[in-house]
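All remarks here apply to the structure that follows.
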Amino acid sequence: MKESFVLCSSCFSNQGLKISAQKLGTKSNTSCKGCNESKGYKLTKSILNDLAHQFFVMGSSIKSDYGGAPRIQFNEHQETSIICTDDINQDIKLFEKYLGVGFFHYGPRLWTLGYITPLEELQDENKRMYIIKRIINEYPIFELNSSKVFYRLRVEPSEPSNIGEYDSSPFPGKGRLDSKDFKVFYASQDLEVCIHECRVSVTDELYVATVRPAKSLKMLDLSTSISEQCTEFESLNISLVMLFYAGKHSYEILRLLSLEAYEKGFDGIIFPSFFTQARLGKLPLPSIYQSLDNRIDEFREIEISGKIPNIAIFGQPIEDKRVEVVSINKLVLNRVVYDYFFGPADVN
């Protein structure tokens, strides 16, 4: 049975909620039952529930050094106990009336904030090498062959048509996996991720090389999950996801992992992109599928679809003829589009 409209975007006082309701709602000239306005975007009860989750749960998310969690949750079992700005407090009454829910401060499970044993041990200088060796031994090998094409972006190269310009940076030590005197060639199967990773602007002169392996490369695949018989508090899978999605404070650990993989004979690493969230519109929260259910194919497919693998090849693979440049093109940014949603600015 088709749901009827209960509210519209014009019913809300807070501007962020108004805009979010417009994005989620249905354009209709029918009069709203809530405010009698005909121009507002109409919301069913289901859409109103989605709006509440987006604004109050997703919009209140905070990041910790590793992982993150929402500050607010809502359900039909609790009364509202949070205090926001006056306009949001007024709008909360609409959600209470039409959804029958209350909004409250959320106490997340500590693993969502990075309190996971392998991740904590990676941060301990005396214990991290044991976990690094576990990662290298337990995660699968992926053979990267000439059937795989990927991209390498350069900003304002001095000689755009010179293939040497697209090799590893001559000044290593600033990236996620490279370190002083240890060069790493970064690329991606997704061109938009390359653009994000390079922090480009519309005024930059951009060039992109299309690259493929000249021979089979032995890669450590950290973009997938291994089968685990443990809780989230012990999960190596979740630890790795949080590690790669963390900021620069994680680089010391990842550089040691990269060096150890090189010492063990790998040509490089395949890893989830830091900008996967921005590319796919994902929350900075670990997926509920990255837990005990990662052995089930359906859950694994959902979890893997949430990652866009990046490629890191050790050394200078163009100079060493391990990869070949198929073509070089100038890249012109024609349009930049931001997708966004809102959340409360202050919660007490």
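What follows is calculated from the coordinates using simple rules that are stated; it is not laboratory data. Nothing here was measured: the structure is a model prediction, and the numbers come from that model. Methodologically, a virtual Cβ is constructed for each residue, glycine included, from the backbone with ideal geometry; neighbour enumeration extends over all protein chains shown.
State which entries of LYS264/LYS330; LYS180/LYS218; LYS2/LYS39 exceed 28 angstrom in Cα-Cα distance in the structure shown.
Among LYS264/LYS330; LYS180/LYS218; LYS2/LYS39, the Cα-Cα distance tops 28 Å for LYS264/LYS330.
What number, in percent, do you get for the relative contact order of region 1-158 if the mean sequence gap of Cα pairs under 8 Å and at least 6 apart is divided by its residue count?
Reported as a whole number, the value is 17 percent.
Please arrange ARG71, ARG212, ARG335 by how many other C-beta atoms lie within 10 Å of their C-beta, fewest to most.
By the 10 Å Cβ count, ascending: ARG335, ARG212, ARG71.
Looking at the chain as a GNM with Cα springs under 10 Å, which of THR117, THR80, THR203 has the largest mean-square fluctuation?
It is THR203.
Mind checking which lysines have their C-alpha under 16 Å from LYS97, skipping anything on the same chain fewer than 8 residues away?
Correct list for LYS97: LYS33, LYS45.
Which of the trypsin sites (Lys or Arg not before Pro) found in region 135-189 are in a DSSP loop and have at most 16 neighbouring Cβ atoms, other than their own, within 10 Å?
Here the sparse-neighbourhood loop sites are LYS148, LYS174, LYS180.
Test of understanding: in a Gaussian network model of the chain with alpha carbons linked when under 10 Å, which of LEU113, LEU243, LEU43 would top the mean-square fluctuation ranking?
Looking only at LEU113, LEU243, LEU43, the biggest GNM fluctuation is shown by LEU43.
With the chain treated as a Gaussian network of Cα nodes joined by springs under 10 Å, which of ASP320, ASP178, ASP221 yields the largest mean-square fluctuation?
Of ASP320, ASP178, ASP221, the most mobile in the Gaussian network model is ASP320.
In what sequence do ILE318, ILE269 fall when counting other Cβ within 10 Å, fewest first?
The order, fewest Cβ neighbours first, is ILE318, ILE269.
Considering only the other residues whose Cβ falls under 15 Å of the Cβ of SER147, what net charge follows from Lys and Arg at +1 and Asp and Glu at -1?
Once all neighbours under 15 Å are counted, the net charge is +1.
For the chain, state the semi-axes of the equivalent ellipsoid (square roots of 5 times the eigenvalues of the alpha-carbon gyration tensor), sorted largest first and rounded to whole angstrom.
Sorted largest first and rounded, they come to 43, 26, 17 Å.
Count charges around GLU3 for me, please; just the other residues with Cβ under 11 Å from its Cβ, Lys/Arg as +1, Asp/Glu as -1.
Once positives and negatives cancel, what remains is +3.
Give a quick list of GluC sites (Glu not before Pro) in region 60-107 that DSSP marks as loop, anything other than H, G, I, E or B, with at most 16 other Cβ atoms within 10 Å.
Passing both the DSSP loop test and the Cβ count: GLU76, GLU79.
Hey, what number do you get for the chain at 222 nm if only DSSP H runs of n ≥ 4 count, each worth -39500 (n - 2.57), divided across all residues, to the nearest 500?
The helix-only estimate for the chain comes to -7500 deg cm²/dmol at 222 nm.
All other residues with a Cβ under 9 Å from the Cβ of ASN14 taken together, and with Lys, Arg as +1 and Asp, Glu as -1, what is their net charge?
Within the 9 Å Cβ shell, the charges total -1.
When only Cα pairs under 8 Å and 6 or more residues apart are kept, what is the percent relative contact order across the chain?
The value is 21 percent.
Using a 10 Å cut-off around each Cβ, can you sort ILE47, ILE238, ILE163 from fewest to most neighbouring Cβ atoms?
The order, fewest Cβ neighbours first, is ILE163, ILE47, ILE238.
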